[in-house]
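Student: Before I ask anything, here is the structure I am working with.
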Amino acid sequence: MNDLNELAAAYGVETSYTDWRRRPANVPPDTIRAVLTALGADVSSADAVRAELERLRVERETRLLPPVVVAYAGEDLPAPAGADLRVGLAGGGEIALVPVGRDGSHRLPADLPLGDHTIHARRGDRTESVPLLVVPARAPDPGRRAWGFMAQLYSVRSRGSWGLGDLADLRALTSWSGQDLGAGFVLVNPLHAGEPSPPIRPSPYLPMSRRFTSPLYLRPQDVPEYAAADPEVRRRVDELAGPVRTRDHTLDELDRDAVWTAKGAALELLYDQPRTAGRASAYEAFRDREGAALTAFATWCALAEAHGADWRRWPSALRDPESAAVAAERDRLAPRVEFHAWLQWLLDEQLGAVQAAARTAGMPIGVIHDLAVGVDPGGADAWAYQDLFAQGITVGAPPDAFNQLGQGWGQPPWHPQRLAASGYAPYREMLRHVLRHAGGVRLDHAMQVFRLWWVPEGAPASEGTYVAYPHDEMLGVLLYEAHRAGAVVVGEDLGTVEDYMREVFADRGVFGTSMAWFERDSGGAPLAPAKWRELCLATVGTHDMPPIEGFLNGDHIALRERLGLLTRPAAEEYAELERWLREWRDLLASLDLDPSGMTAALHAFLARTPSRLVGVSLADAVGERRTQNQPGTTDEYPNWRVPLADAEGHPVLLDDLPSNPRLRAAIEAVRSLPPG
């Protein structure tokens, strides 16, 4: 191993990997140098590389503890040989830990409370103290098998929507599907905050903040100040809804700019209405709870309205959130800062109402919120926590069967070492926010707690490499926050995933994701239902795949051919599709499932697996053919702007779902899941 590769290994940067065809692939040296530079290593010369290796060696030999210790309850805690460890309890007092092995491991008491403490280490005359977080060994268990709809919420409109599906629509969907259909959950797209003013980009997976929520999902008429307002104010609010509501009955592309222009104006009217003493007190309590993070986010929103939604293009004095210039602007823009903070309070209320409605409807889980893998580099999180993100890098994915050029997502990754040095504070805050009113969380690209595909800026997505994260710590923090919320954890572990990662997830009670089109046996045939994983969310497809009707018709091949995204002739793609579908029809027929009705048959197939959770895409259930997202495109395809429709191209509204015969047929088999 040469010095550069040794340094890469020390930083968790892979110099080779196994691709989606299970073939070895080497990482270009230029990629390795660019990634190490982004991590803060000096690789400008051979001498610089050797000096960095020596610095890391000295640090390893002298440091007793990492910046923060995440320990699993009931398990042994690694420690340097010869070190004595004590725990300072959050509630006061100290306990000494007992060494149990030659490697320096110490045993945690079985009754040590979960949560935050302090750990002290001593070896000779050297002492160190760092935060200790004791976490549960496993994620919460949802209990019995459950099925639920998976929905891109913005696309699910009702007669009361303002041009986009919102939290009132989500509340109605959970109530109806839970009470009338016996659904146990609804899984929705990330509801993270986007730009505070137009233009608002459509992707829910490229947010400005994962710590806060998009006010696009508010229903103005559900704000208590609307009901208390005088008739003229209510008339003006209703009038603003009119033009965008007319679009709910069309297949026009979803227009977030028009929706927010109308909703924003309506919410400003309601913001000016007096609040009751109880409401004012509740808002102040919310501000106190959210603290500096909310102030920073609201400040970014106000500054973005004035200077654009990319802090890297602001006047230089405003790029540092702690600068005197930012403080002065916060004071000058105080009404706008307060408005954006108030919007987050309304979202907290409406999100809480959704989860309460789900549980009232009998759902054992309720809403499963999706957590995107990253944020926009010019957004609120990247501004507030800019030192914790690696610069000059975007996160993505290597080539796979459906995205053969690889993917670059335009998101900066967490810097592993700096995030750990922060005690994972922003990561914990983000998880706590997403889980506050949730019955579960779906971790998009779940490998983010193990490793991410880093692509140097300017390089093609295929010329990236994996960078490791301290998964025991990242996963432990996630399990602790899920424990606090009583929420199930689902990891999206599709694509190129090492077996050990799935094993770790299973050992920790984290559900994986199994998708029918991807599940294959060793011979390449569709995997028989009895061989599917138990601890997983079983689905037919995902939001990056065409719905069933589109897949059966090869729409995804025609689309990728038109957009120049294929790496082999279309005829080969169609031939492979026909082979896949023939294999699926044969398997379904062998199980006495009628392949002439593929949507119903595929969901009946999922019901026969042992999988504890079964997800039914709402788009599949109503016969939609169009995909919501085509990876590898931006404006070439209307990603994330496709309203829900049926196979005949008619808009499908939430109000009409209870009487939709196609939906009823699609879910018939999963409504009474056999025991796992």
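Student: Being assigned to a helix (DSSP H, G or I) and surrounded by 15 or more Cβ atoms within 10 Å (Cβ to Cβ) is the filter here, so list the residues in region 7-46 that pass it. Lay out the reasoning, then the answer.
Tutor: Applying the first criterion (assigned to a helix (DSSP H, G or I)) to region 7-46 yields 7-10, 29-38, 46.
Scanning region 7-46 gives L7, A8, A10, T31, I32, R33, A34, V35, L36, T37, A38.
Residue-by-condition table, conditions (1) assigned by TED's automatic domain parsing to the domain that holds R508; (2) in contact with a strand residue (DSSP E or B) (Cβ under 7 Å, 6 or more places away or on another chain); (3) loosely packed, with under 15 Cβ neighbours inside 10 Å:
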position	(1), (2), (3)
P67	no, yes, no
A81	no, no, yes
R86	no, yes, no
A96	no, yes, yes
P99	no, yes, no
R102	no, no, yes
H106	no, yes, no
P109	no, yes, yes
H117	no, yes, no
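Student: Now a separate question. Kindly state which strands (runs of 3 or more DSSP E) lie completely within region 77-161 and contain at least 2 residues that are over 30 Å from V622 (Cα atoms). Talk me through it step by step, then tell me what you get.
Tutor: Numbers: elements: 84-88, 94-96, 115-123, 126-135, 146-151.
So the answer is 84-88, 94-96, 115-123, 126-135.
Student: Moving to a separate point now. Scan region 350-377 residue by residue and report those that are crowded, with 20+ Cβ neighbours inside 10 Å and assigned to a helix (DSSP H, G or I).
Tutor: Across region 350-377, the qualifying residues are Q350, L351, V354, Q355, A357, A358.
Student: Moving to a separate point now. Going by the conditions given, is Y466 more than 19 Å from L613 (Cβ to Cβ), surrounded by fewer than 18 Cβ atoms within 10 Å (Cβ to Cβ) and among the aromatic types (F, W, Y)? Talk me through it step by step, then tell me what you get.
Tutor: On the way: more than 19 Å from L613 (Cβ to Cβ): yes; surrounded by fewer than 18 Cβ atoms within 10 Å (Cβ to Cβ): no; among the aromatic types (F, W, Y): yes.
Considered against the rule, which asks whether it is more than 19 Å from L613 (Cβ to Cβ), surrounded by fewer than 18 Cβ atoms within 10 Å (Cβ to Cβ) and among the aromatic types (F, W, Y), Y466 comes out as no.
Student: Taking the condition of a type outside the set (F, W, Y), in a helix (DSSP H, G or I) and surrounded by 15 or more Cβ atoms within 10 Å (Cβ to Cβ), does V58 pass? Explain how you work it out, then say what you get.
Tutor: Details: of a type outside the set (F, W, Y): yes; in a helix (DSSP H, G or I): yes; surrounded by 15 or more Cβ atoms within 10 Å (Cβ to Cβ): no.
Answer is no for this residue.
Student: Quick test of your reading of the structure: A558 fulfils all but one of (1) among the aliphatic types (A, V, I, L, M); (2) surrounded by fewer than 18 Cβ atoms within 10 Å (Cβ to Cβ); (3) touching a helix residue (DSSP H, G or I) at 6+ places or on another chain (Cβ under 6 Å). Name the failing condition by number.
Tutor: (3)
Student: Condition check: part of a helix (DSSP H, G or I), of a type in the set (A, V, I, L, M, F, W, C) and not assigned by TED's automatic domain parsing to the domain that holds S214. Does L294 satisfy that?
Tutor: On the way: part of a helix (DSSP H, G or I): yes; of a type in the set (A, V, I, L, M, F, W, C): yes; not assigned by TED's automatic domain parsing to the domain that holds S214: yes.
Yes.
Student: Moving to a separate point now. Residues in region 11-32: is at least one in contact with a His (Cβ under 9 Å, 6 or more places away or on another chain) and outside the structural domain of S422 (by TED's automatic domain parsing)?
Tutor: Of the residues in region 11-32, the ones in contact with a His (Cβ under 9 Å, 6 or more places away or on another chain) are none.
No, that holds for no residue.
Student: Okay, moving on. Tell me which of these F389 doesn't satisfy, since it passes every other one: (1) closer than 22 Å to T513 by Cα; (2) out of contact with any Gly (no Cβ under 8 Å at 6 or more places or on another chain); (3) among the aromatic types (F, W, Y).
Tutor: (1)
Student: If you don't mind, there's one more thing I want to ask. Could you say whether any residue in region 129-150 is modelled with pLDDT of 95 or more, touching a His at 6+ places or on another chain (Cβ under 7 Å), among the polar types (S, T, N, Q) and more than 30 Å from D444 (Cα to Cα)?
Tutor: yes
Student: Output the residue which, of all residues in region 129-141 that are surrounded by fewer than 23 Cβ atoms within 10 Å (Cβ to Cβ) and in contact with a strand residue (DSSP E or B) (Cβ under 7 Å, 6 or more places away or on another chain), is farthest from L108 (Cα to Cα). Explain how you work it out, then say what you get.
Tutor: Narrowing region 129-141 to residues surrounded by fewer than 23 Cβ atoms within 10 Å (Cβ to Cβ): 129-131, 133, 136-138, 140-141.
Next, from what is left, pick out any that are in contact with a strand residue (DSSP E or B) (Cβ under 7 Å, 6 or more places away or on another chain): 129-131, 133, 137, 140.
Details: S129: 17, V130: 16, P131: 15, L133: 12, A137: 12, P140: 21 Å.
Top of the filtered list is P140.
Student: For region 77-102, enumerate the residues that are without any contact (Cβ under 8 Å) to a residue 40 or more places away in the chain and in contact with an Asp or Glu (Cβ under 9 Å, 6 or more places away or on another chain).
Tutor: P78, A81, R86, A90, A96, L97, P99, V100, G101
Student: Hey, can you tell me all the residues within region 586-619 that are without any contact (Cβ under 8 Å) to a residue 12 or more places away in the chain and either of a type in the set (D, E, K, R) or over 20 Å from P547 (Cβ atoms) (or both)?
Tutor: D586, A589, S590, D592, D594
Student: Any residue that is over 27 Å from Y283 (Cα atoms) and among the small types (G, A, S) - is there at least one of those in region 219-235? So that I can check it myself, show each step before the final result.
Tutor: Narrowing region 219-235 to residues over 27 Å from Y283 (Cα atoms): none.
No - not one qualifying residue is present in region 219-235.
Student: Taking the criterion of being modelled with pLDDT of 95 or more, in a strand (DSSP E or B), surrounded by 23 or more Cβ atoms within 10 Å (Cβ to Cβ) and touching a Gly at 6+ places or on another chain (Cβ under 6 Å), would at least one residue in region 428-441 satisfy it?
Tutor: Restricting attention to region 428-441, the residues satisfying the condition of being modelled with pLDDT of 95 or more are 428-441.
Now narrow it down to the ones that are in a strand (DSSP E or B): 440-441.
So of that shortlist, the ones also surrounded by 23 or more Cβ atoms within 10 Å (Cβ to Cβ) come out as 440-441.
After this cut, where a residue has to be touching a Gly at 6+ places or on another chain (Cβ under 6 Å) as well, the list is none.
No, there is no match, as no residue in region 428-441 is modelled with pLDDT of 95 or more, in a strand (DSSP E or B), surrounded by 23 or more Cβ atoms within 10 Å (Cβ to Cβ) and touching a Gly at 6+ places or on another chain (Cβ under 6 Å).
The values are calculated or read from the model by the stated rules, or taken from the named source; none is laboratory data. Nothing here was measured: the structure is a model prediction, and the numbers come from that model. Ideal geometry is used to build each Cβ from the backbone, glycine not excepted, and the neighbour counts take in all protein chains shown.
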